[in-house]
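Inspection log for the structure reproduced underneath, given as structure tokens.
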Amino acid sequence: MIVYVVVIAVSFVVSFGLILLVITGRSRESARLMEVTSGTPSAYTPASRTMLQSFFDSDRVSKIVQPLRGVLGSRTDPELVRRLASAGYRKPVHADIYYLVRILLPAVAALLGILFIKANAFFWVVFLAATGFMAPDLWLMSAMSRRRERIRLSLPDALDLLVICMEAGLGLDQAILRVGQELKISHAELSEEFVLIGLEQRAGKPRLEAWRNMADRAGVESVRQFVQMLVQTERFGTPISKSLGTFADALRVRRRQQAEEMAAKTTIKMIPPLVLFIFPNLFIVLLGPAAIMIWRNIARVLTGE
């Protein structure tokens, strides 16, 4: 029984590893856009790619997934595309791969249950199929929350760099692009959003629309407030460097207050483990011997020994 569970767990891990490898693969077009935007040579070259990444290239997989999607008669869900974009996966093939995995994973999990589990086979097949159906959604929710948290934590540092760039004489658009290049290693998610702003403006989108698109993709309240502040300064012509500095300080104060709030909640959160796991053990160790001695004495009195 343990061997069957281990085999199924390994199958799940291998499947998700292949899925992540396909989704995170970068095409030649996106690599070229990043190279042109950043002004530095891209590390994405055919010689630097491994054989496995070349075989599971997302462009190649899309040629297989899209005809299958057409046969099944399904359409692209805009909400799914938006959620994948919030998790950092923006290529059209990502939605196709996600849809295909959501269809195939329950079938594969149920097939593994039929082949390897003999005792209570019906229960395990249903359980594995339901788990395989829900696993992509759970993974996507986790990826979205992790990315949003990283963006929220990296925004104050980006605002400080933005203030420095603007005080050095750069315009707002050039400063955003420069900050995106500088944060590529330390804060890759926010750097990607800033670079996308530059790409959208080069493609002809208005500045305000590009900023609002970034807020919609990020899904973070502090980013929305940052975009609203940029929109107001753009409309009313107020000094943006002072506004950015004040906003960065406010974000740090808010983050410190949230940390203090979480620290204050730990006292309440420690009560259930203490009551359920620690106090019973203490009572058994301290009162157990006394209760046994009392019971023995009562038994002696009752028996007249």
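None of the figures in this text is laboratory data; all of them are computed from the coordinates on show. Remember, predicted model here, so these are calculated numbers, not experimental data. Please note: Cβ atoms are built from the backbone with ideal geometry, for glycine as well, and neighbour counts cover all protein chains shown.
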- Query: Under a Cβ-Cβ cut-off of 10 Å, what is the net charge of the residues other than ALA248 that fall near it, where Lys and Arg count +1 and Asp and Glu count -1?
  - Reply: -2
- Task: May I ask you to list the trypsin sites (Lys or Arg not before Pro) in segment 114-210 that are in a DSSP loop and have at most 15 other Cβ atoms within 10 Å of their Cβ?
- Result: LYS118
- Query: Taking a quarter of the surface of the Cα convex hull of segment 149-266, what do you get in nm²?
  - Reply: 7.4 nm²
- Can you give the FRET efficiency for ILE185 and SER241, using 1/(1 + (r/R0)^6), R0 = 22 Å, r = Cβ-Cβ distance, to the nearest 0.05? 0.30
- Task: Sort out for me the Cα centre separation of segment 96-134 from segment 163-240, rounded to whole Å.
- Result: 44 Å
- Sequence of THR131, THR267 once ranked by neighbouring C-beta atoms within 10 Å, starting from the fewest: THR267, THR131
- Item | Label-point gap, in nm, between LEU302 and MET270 - each point 7 angstrom along Cα→Cβ | 4.2 nm
- Net length gained if the chain between ASN120 and SER142 were fully extended (0.36 nm per residue, minus Cα distance): 4.8 nm
- Take SER191, SER142 and order them by how many other Cβ atoms sit within 10 Å, fewest up front. SER142, SER191
